[in-house]
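Report on the following structure.
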Amino acid sequence: MIHIIQGTIYIEDIEEFLRKLKAVGIKNNTTIQALDADKLAGEKHVMFAVEKALNSFKAGRNIANDLAKEILLYAAGTRQINKAIHLGIHKGQNKMHSL
């Protein structure tokens, strides 16, 4: 089941925010990826990235070592994490899609 949560958040410490997201994901046996909504083409863009990432893991073609990173790669349309990271969250005010 895929849930997309949208909202606005102010992030002071990116590393701490990501640690908290990861802890929630582990506790709930789920994958969470936070994306910068201002850099996405909407919900269909997010769903496309999630479906592609899931399929790549099922077929053993994944580049990333975890599903959240693979979603980020597909959302950015690249296979290089250093290029994809621009779709992630940043310090300060963020409009977010979180899966």
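The values are calculated or read from the model by the stated rules, or taken from the named source; none is laboratory data. Nothing here was measured: the structure is a model prediction, and the numbers come from that model. Cβ sites come from the backbone with ideal geometry, for glycine too, and all protein chains shown count toward neighbours. Quick note on the areas: whole protein, heavy atoms, side chains included, nothing else; ligands and nucleic acids left out. Shrake-Rupley method; radii C 1.70, N 1.55, O 1.52, S 1.80 Å.
Points to keep in mind about this one:
- VAL24-ALA59 FRET efficiency (beta carbon distance; Förster radius 25 Å; 0.05 resolution): 0.35
- The amide H of ILE11, built 1.01 Å from its N in the peptide plane, has GLY92, GLN93, ASN94 as neighbours under 5 Å, considering only residues 5 or more places off or on other chains.
- Measuring nothing but how far apart in sequence close Cα pairs (under 8 Å, 6+ apart) lie, relative to its length, the chain scores a relative contact order of 49 percent.
- Taken per residue, the accessible surface of the chain reaches 65 Å², heavy atoms only and a 1.4 Å probe.
- nm² value of the averaged projected area, convex hull over the Cα atoms of the chain: 6.0 nm²
- Check: the chain dipole with +1 on Lys, Arg Cβ and -1 on Asp, Glu Cβ, in debye: 300 debye
- Accessible area of the chain belonging to carbon and sulfur atoms, whole % at 1.4 Å probe: 54 percent
- With the simple spin-label model, which puts each label point 7 Å out from Cα in the Cβ direction, the PHE17 to MET47 separation comes to 2.6 nm.
- Under 15 Å from the Cα of LYS44 - aspartates and glutamates, other chains or at least 8 residues apart: ASP36
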